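The values are calculated or read from the model by the stated rules, or taken from the named source; none is laboratory data. Bear in mind the structure is a predicted one, so any value in this text is a computation, not a measurement. Note that we place each Cβ from the backbone using ideal geometry, even for glycine, and neighbour counts take in every protein chain shown. Side chains are part of the model used for accessible areas, which takes the heavy atoms of the whole protein and leaves out ligands, DNA and RNA. Shrake-Rupley method; radii C 1.70, N 1.55, O 1.52, S 1.80 Å.
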Amino acid sequence: MDAADLARQFGLGQSARLSDGPVARGKQGLVWRLDTADGSWAVKVPFHQSSEDEVYVATAFQEAAHAAGVPTPQVRRTTEGRVFATLEGRQARVYGWVDLRAPDIRLDPARVGAVMAAIHRASATGPGRLDPWYHEPIGAGRWDLLVGQLRAAGAPFAGQLADLRDELVALESWIEPPEMLQTCHRDLWADNVLPTADGGVCVIDWENSGPADPSQELGCVLSMLIAQLGHITEMAATDWLKPNARSPDRADSAAWIGEVLEEPHTRQLLETILAAMRGATPR
């Protein structure tokens, strides 16, 4: 896309120059860096188009969180107040640039907890419709069908998923319905709560924000984690069967599902974590 046109639509200043290629790739899109006389910006180009209505809640929530002091990139809207601009048939959205470091699971838990608390205090519009991704199980029948399809297609991880099938089904019995709904980030994994070059932390990728129970997001141990990882596993396996823009080749989807299969979340593991939180001995 044309850097000058992009900068003009978002009011980002003169002397615009895009990075030679994407500086980051996620499951929802590519990120480019744009430098202008006024500063530096992250330009996200999604794989699939969305309407302004579809991104309204998530964008308003990120803007509210930023205004409340949550460390997150500032949303930059177009000069007409829109989230997206369309350039050469592709949508683009812009954020203030933040120098981020690689994910680090050893981030200071007190700092991470304070950031999560600030997110949950941020005011936002009504949370909208509850998404099954965050509270509904995959179900035994779907797991069986998926394992069968993967075996028939020769997926290298089919045996691992088959071995984990009973545990996944049993875990889904732990899922509880959310009780207190409000707008939450809903994607607070280590790769979205990142250390910054100046020693702080930064929360990115707010596109999945929507209704959830903040207590389930805070713990991310029982209902929400089980539901999310179940759907992530299903999606990664489905991507392997049918590659797409999110996972363009089978190596991508195999690596993605490997994150679950190599270190599976089991009832024993979660019981151990809960027992440690209570100061008790696991069964």
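How big is D for the chain, in µm² s⁻¹ as a whole number, if Stokes-Einstein is applied with the Kirkwood radius of its Cα pairs at 10 °C and 1.306 mPa s?
Approximately 77 µm²/s, per Stokes-Einstein.
Arranged from highest to lowest average of other beta-carbon atoms within 10 Å per residue, in what order do the peptides 163-175, 15-27 appear?
163-175, 15-27
Net charge near Trp256, counting Lys/Arg +1 and Asp/Glu -1 over other residues with Cβ under 15 Å of its Cβ?
-4
For the stretch 188-246, build the charge dipole from Cβ charges (+1 Lys, Arg; -1 Asp, Glu) around the Cα centre, then report which of Leu218, Ala236, Val193 sits farthest towards its positive end.
Comparing the listed Cα positions along the dipole, Ala236 ranks first.
Rounded to the nearest 500, what is the 222 nm mean residue ellipticity of the chain from helices alone, with -39500 (n - 2.57) per DSSP H run of 4+ residues and division by all residues?
Here the helix-only value at 222 nm equals -13000 deg cm²/dmol.
Heavy atoms only, probe 1.4 angstrom, no DNA, RNA or ligands counted: give me Asp144, Asp239, Asp131, Asp38 ranked by accessible area, highest first.
Accessible-area ranking of Asp144, Asp239, Asp131, Asp38, largest first: Asp38, Asp144, Asp131, Asp239.
Among 110-120, 226-236, 79-89, how do they line up by average Cβ neighbours within 10 Å per residue, starting with the highest?
By packing density, highest mean first, the sequence is 226-236, 110-120, 79-89.
Nothing charged except the Cβ atoms of Lys and Arg (+1) and of Asp and Glu (-1): what's the magnitude of the dipole of the chain about its Cα centre? Round to the nearest 20 debye.
240 debye
Roughly speaking, what is the centre-to-centre gap between the stretch 2-16 and the stretch 72-135 when only Cα atoms are used, to the nearest Å?
For the stretch 2-16 versus the stretch 72-135, the Cα centre distance is 22 Å.
Taking the Cα centre of the stretch 79-230 as the origin, how large is its charge dipole in debye, to the nearest 20, when only Lys and Arg (+1) and Asp and Glu (-1) carry charge on their Cβ atoms?
For this selection, approximately 280 debye.
Towards the positive end of the charge dipole of the chain, with charges on Cβ (+1 Lys, Arg; -1 Asp, Glu), say which of Gln268, Thr86, Ala102 has the farthest Cα.
Final value for the positive-end residue is Thr86.
With a 1.4 Å probe and every protein chain kept in, tell me what percent of the accessible surface of the chain is carbon plus sulfur.
Carbon and sulfur: 51 percent of the exposed surface of the chain.
In whole angstrom, note down how far apart the Cα centers of the stretch 171-217 and the stretch 256-272 are.
What the calculation gives is 19 Å, centre to centre.
Which net charge results when you count Lys and Arg as +1 and Asp and Glu as -1 among the other residues whose beta-carbon is under 12 Å from that of Leu168?
-3
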